[in-house]
Ligand code: RP5
């Protein structure tokens, strides 16, 4: 994430990854304030064994796009609702990537779905995760079926 001020929103992703037993690392690396750190982090991601990067940032949110520029592993962008425009600034900055450098962008503050998408990507080659994901979906469906108002 771009700042510790993103931590509250991004913590929804941590819970999901932990519930699926997916190892992850959390980092604050700003595309603006420490671009050299981001270049180093993203350009070594694949060789360090990372399978995907979830990049959450607000404002002029370049984090996901610049991360994607430095790696060919999947990058999932979470636009964060900062102090202005209801997060529309971050949404457009994250989703409107020029062709050739994709960022899979989730909803504003959509850290939970970002983690679920990462799990889904991993589940293509991981049977255990495939089963856990199916169980998660079934449980979610069951909750709806059992809902009474
Ligand atoms: C972005 O600027 C960060 O991702 C954060 O959402 C926003 C504000 O950062 P702080 O000024 O709170 O550190 O780069």
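Rule-based calculations on the coordinates, nothing more; no lab input. Quick caveat: nothing in here was measured; it's all calculated off a predicted structure. For neighbour counting, all protein chains shown are included, and Cβ atoms are generated from backbone atoms with ideal geometry for every residue, glycine included.
For the range 50-71, what are the residues that are touching a residue at least 60 places away in the same chain (Cβ under 8 Å), more than 12 Å from the ligand (Cβ to nearest atom) and touching a strand residue (DSSP E or B) at 6+ places or on another chain (Cβ under 9 Å)?
First, the residues of the range 50-71 that are touching a residue at least 60 places away in the same chain (Cβ under 8 Å): 51-52, 54, 63.
Add one more test, that the residue is more than 12 Å from the ligand (Cβ to nearest atom), and what stays is 51-52, 54.
Correct list: 52, 54.
Here is a list of conditions, (1) more than 16 Å from the ligand (Cβ to nearest atom); (2) touching a strand residue (DSSP E or B) at 6+ places or on another chain (Cβ under 8 Å); (3) touching a residue at least 60 places away in the same chain (Cβ under 8 Å), and residue 74 meets all of them except one; can you say which number that is?
Residue 74 satisfies every listed condition except (3).
Return yes when residue 29 is within 13 Å of the ligand (Cβ to nearest atom), within 21 Å of residue 12 (Cβ to Cβ) and touching a helix residue (DSSP H, G or I) at 6+ places or on another chain (Cβ under 6 Å) and no when it is not.
On the way: within 13 Å of the ligand (Cβ to nearest atom): yes; within 21 Å of residue 12 (Cβ to Cβ): yes; touching a helix residue (DSSP H, G or I) at 6+ places or on another chain (Cβ under 6 Å): yes.
Judged against the criteria, residue 29 is a match.
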